[in-house]
Amino acid sequence: MNPQDELNSLVGLFGDGDQLVQSIEHLPGALAPEAYRRMLVHDNHMTVTMEEHYGSPVEVRVIDQVDRDGLYCRKIVLLKAGTSQVVQFGIVRFNFHYVTPEVRDEIVAGATPLGRVLINHNVLRHIDLGAILKITVGDELAELLQMESGGVTYGRLATIFCNRHPAVDLLEIPAPLQEAV
């Protein structure tokens, strides 16, 4: 996978790539600041990672969604449950061919984070970490993550295999971490 091509493909789904990301740099996970390394360099669901980090369940808010060419795509933020605190931004591209209609319906309903849906339905899954990214944020992403446009944060590209098939492509960017330098 070429990280720049994959990132462009995901952010281009919504036609606002320049507003989300000014630039990216692909880097080895070992070079990410420690706080981001703990948050991003693993093969677990980010839903679970966020819940553990914030000591709270998370809720999903769908910002935009499209169903195109047999793929369901959405742009989301995860919020700390019961608050307006954004803990993560994400873009998901999902091929529903590899999951049941019940899983599809629950994901499209947008009431439960993707990782939690897959866990709750006991979907056989494996997460393949594709790339760690150093990201200079654009205006829209800066507003969503409550940081300054042009600021730097970190994120990851990953693929979730459902029932042994590459079903989900992800861009996941946690809100800025206080202990990060």
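The values are calculated or read from the model by the stated rules, or taken from the named source; none is laboratory data. Quick caveat: nothing in here was measured; it's all calculated off a predicted structure. Ideal geometry is used to build each Cβ from the backbone, glycine not excepted, and the neighbour counts take in all protein chains shown. Heads up: the accessible areas ignore ligands, DNA and RNA and are worked out on the full protein's heavy atoms, side chains in. Shrake-Rupley method; radii C 1.70, N 1.55, O 1.52, S 1.80 Å.
Is region 114-130 home to any residue that is crowded, with 17+ Cβ neighbours inside 10 Å, modelled with pLDDT under 95 and within 14 Å of Phe89 (Cβ to Cβ)? Taking every residue of region 114-130 in turn, at least one turns out to be crowded, with 17+ Cβ neighbours inside 10 Å, modelled with pLDDT under 95 and within 14 Å of Phe89 (Cβ to Cβ). Checking Lys75, Lys134 one by one, the residue that is more than 14 Å from the chain's Cα centre (by Cα), surrounded by 16 or more Cβ atoms within 10 Å (Cβ to Cβ) and assigned to a strand (DSSP E or B) is Lys134 and no other. Please indicate, with yes or no, whether at least one residue in region 87-96 is at positive phi and either part of a loop (DSSP other than H, G, I, E, B) or open to solvent by 30 Å² or more (accessible area, probe 1.4 Å) (or both). No, region 87-96 contains no residue that is at positive phi and either part of a loop (DSSP other than H, G, I, E, B) or open to solvent by 30 Å² or more (accessible area, probe 1.4 Å) (or both).
Taken together, the criteria place Gly110 among residues that are surrounded by fewer than 19 Cβ atoms within 10 Å (Cβ to Cβ) and within 23 Å of Gln85 (Cα to Cα). Please indicate, with yes or no, whether at least one residue in region 75-85 is touching a Leu at 6+ places or on another chain (Cβ under 8 Å), of a type in the set (Val, Ile, Thr) and over 17 Å from Arg116 (Cα atoms). Looking through region 75-85, none of the residues is touching a Leu at 6+ places or on another chain (Cβ under 8 Å), of a type in the set (Val, Ile, Thr) and over 17 Å from Arg116 (Cα atoms). Put simply, of Ile63, Ile76, Ile119, Ile135 the only residue that is under 21 Å from Asn163 (Cα atoms) and not polar (S, T, N, Q) is Ile119. Candidates Glu106, Glu52, Glu34: the one that is within 21 Å of His165 (Cβ to Cβ) and acidic (Asp, Glu) is Glu106. Within region 137-166, the residues that satisfy the criterion of being part of a helix (DSSP H, G or I) and either more than 17 Å from Ser23 (Cβ to Cβ) or of a type in the set (Asp, Glu) (or both) are Asp139, Glu140, Glu143, Leu144.
Within region 53-72, being of a type in the set (A, V, I, L, M) and surrounded by fewer than 21 Cβ atoms within 10 Å (Cβ to Cβ) holds for Val62, Ile63, Val66, Leu71. Once region 1-29 is narrowed to residues that are charged (D, E, K, R) and not in a helix (DSSP H, G or I), the residue that is least open to solvent (accessible area, probe 1.4 Å) is Asp16.
Among residues of region 39-51 that are in contact (Cβ under 8 Å) with a residue 60 or more places away in the chain and within 15 Å of Val123 (Cβ to Cβ), those with a beta-carbon under 7 Å from a residue that is part of a helix (DSSP H, G or I) and of a type in the set (Lys, Arg) at least six positions away or on a different chain give the pairs Thr47/Arg116. Within region 30-52, being surrounded by 16 or more Cβ atoms within 10 Å (Cβ to Cβ) and among the polar types (S, T, N, Q) holds for Thr47, Thr49.
Being out of contact with any His (no Cβ under 7 Å at 6 or more places or on another chain) and over 23 Å from Asp5 (Cα atoms) is a description that does not apply to Leu141.
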